[in-house]
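The structure appears right after this line, and notes come after that.
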Amino acid sequence: MSGTLYVVATPIGNLEDITYRAVRVLQEVDLIAAEDTRHSRKLLNHYSIDSTLISYHEHNEEFRSLQLIEKLQSGQSIALISDAGTPCIADPGYRLISSCRQEGVPVVTVPGPSAVIAALSISGLSTDAFRFVGFLPAKTHGRRQFLELVKNEQQTIVCYEAPHRLISSLNDMGEICGFDRPVVVARELTKRHEELFSGDITEALEYFSPDRVKGEIVMLLSPAPARQPEGTVRDALIRLREESDLSWKEIVKQVAKEFGVPGSDVYKESLELR
Ligand code: SAM
């Protein structure tokens, strides 16, 4: 019988942010695979967990995955943790999990904190739809190219950012998305110096520029303002009919949404075109 791989979320700052189940699982497993064993030892000591630790990080991920799979197949249970938050979210782990799936080794989630969700939940920005993009590209050229791709998205864009790049990223965002675009910067969540800035990009630059920014940061870019649809409802109906595979029902729904008018009006207009 194969053992189970538990993917366990750990605190993103405040040591109290761990579930009862996470503590129990970490106590019970044969082995804990951790990104930085010295770092995780502090958390484990705090909860009197003395399970054996083994390193699993981006530099040994491939080779270590093979070893861990062997151990799992021999019946050992393993917990995967990262330095903070949820493993695999901008952290190593997916290779191991994908190998487990291929080999039929059970993988179980023990959910908990993640900075992306923590920041979104207090951002005050729309969360119906959001796109998490991990870390923004570190170099200006790549970052600007990336921002060009996402600037018109009608959903909140969430990214992780290093403190020393915050100002350049805000400047690039302003130039590409407009300095009046609302942003949220969530810093040091759940820690002593937790703060949340909310305002437009110009205000963010004024707020953060005077000091050297420190700590861990999640940046959120508000959804792009809805674009005014071009032409008439009739034009839009014809265009979608020609350019898409959508049914009349779907076309009517989409055009009504785009123009912010009642579906029944668009339906009547569509009847003349069918
Ligand atoms: N796996 C983690 C998670 O689930 O949030 C993320 C790991 S990623 C390597 C580390 C980045 O997450 C940091 O550089 C920062 O951008 C963000 N982060 C982690 N903890 C944070 C916190 N307490 N406050 C704000 N951002 C945080």
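Can you check what the Kirkwood hydrodynamic radius comes to for region 8-51, Cα pairs only, in Å to one decimal?
Every distinct Cα pair counted, the radius reaches 10.6 Å.
Report, to the nearest whole %, how much of the accessible area of region 116-221 belongs to carbon and sulfur atoms, 1.4 Å probe, protein only.
Carbon-and-sulfur percentage of accessible area, whole number: 50.
Please identify, among 143, 38, 227, the residue showing maximal mean-square fluctuation in a Gaussian network model of the chain using a 10 angstrom Cα cutoff.
227
Which aspartates and glutamates, if any, have their Cα less than 18 Å from the Cα of residue 139, not counting same-chain residues under 8 positions apart?
Qualifying aspartates and glutamates at Cα under 18 Å: 148, 161, 172, 175.
What residues qualify as long-range amide H neighbours of residue 79, i.e. H under 5 Å apart, gap of 5 or more or another chain, H built at 1.01 Å from N?
6, 31, 32, 33
Report the label-to-label distance for residue 70 and residue 139 in nanometres (one decimal), using points 7 Å from each Cα along the Cα→Cβ vector.
Between residue 70 and residue 139, the label points sit 3.9 nm apart.
In percent, what relative contact order does the chain have, based on Cα pairs under 8 Å that are 6 or more apart in sequence?
The normalised contact order for the chain reaches 17 percent.
Can you give the percent of C-alpha pairs in the chain whose distance is more than 31 Å?
Tail fraction, whole percent: 46.
Going by the alpha-carbon gyration tensor, a ≥ b ≥ c the square roots of its eigenvalues, is region 129-273 rounded (a/c under 1.5) or, if a/c is not under 1.5, prolate (a/b greater than b/c) versus oblate?
Verdict is prolate for region 129-273.
I'd like the Karplus ³J(HN,Hα) series for region 220-237: coefficients 6.51, -1.76, 1.60, θ = phi - 60°, whole numbers in Hz, and an x wherever there's a Gly or Pro.
For region 220-237, the Karplus-derived couplings read 10, 9, 5, x, 5, x, 4, 7, 5, x, 8, x, 9, 4, 4, 4, 5, 4 Hz, x marking Gly and Pro.
Go through region 175-180 residue by residue and turn each phi into a ³J(HN,Hα) via Karplus (6.51, -1.76, 1.60, θ = phi - 60°); whole Hz please, and just put x for glycine and proline.
5, 8, 9, x, 6, 8
Which residue, 86, 232, 37, tops the fluctuation ranking in a GNM of the chain built on C-alpha contacts under 10 Å?
232
I'd like the Karplus ³J(HN,Hα) series for region 168-173: coefficients 6.51, -1.76, 1.60, θ = phi - 60°, whole numbers in Hz, and an x wherever there's a Gly or Pro.
Taking θ as phi minus 60°, the curve returns 5, 5, 5, 4, 5, 4 Hz for region 168-173.
Pull out a ≥ b ≥ c, the square roots of the eigenvalues of the alpha-carbon gyration tensor of region 116-161, then state rounded if a/c is under 1.5, prolate if not and a/b is larger than b/c, and oblate in the remaining case.
Cα axes put region 116-161 in the oblate bin.
How many Å² of accessible area per residue for the chain, probe 1.4 Å?
Here the residues of the chain average 56 Å² of exposed surface.
With springs connecting C-alpha atoms under 10 Å apart, model the chain as a Gaussian network and identify which of 77, 168, 247 has the largest mean-square fluctuation.
Result for the chain, Cα springs under 10 Å: 247 fluctuates most.
The values are calculated or read from the model by the stated rules, or taken from the named source; none is laboratory data. Worth saying up front: this structure is predicted, and the values here are computed from it rather than measured. Note: ideal-geometry Cβ built from the backbone for every residue, glycine included; neighbour counts use all protein chains shown. The protein model used for the area step is the full one, side chains on, heavy atoms only, and it has no ligands, DNA or RNA in it. Shrake-Rupley method; radii C 1.70, N 1.55, O 1.52, S 1.80 Å.
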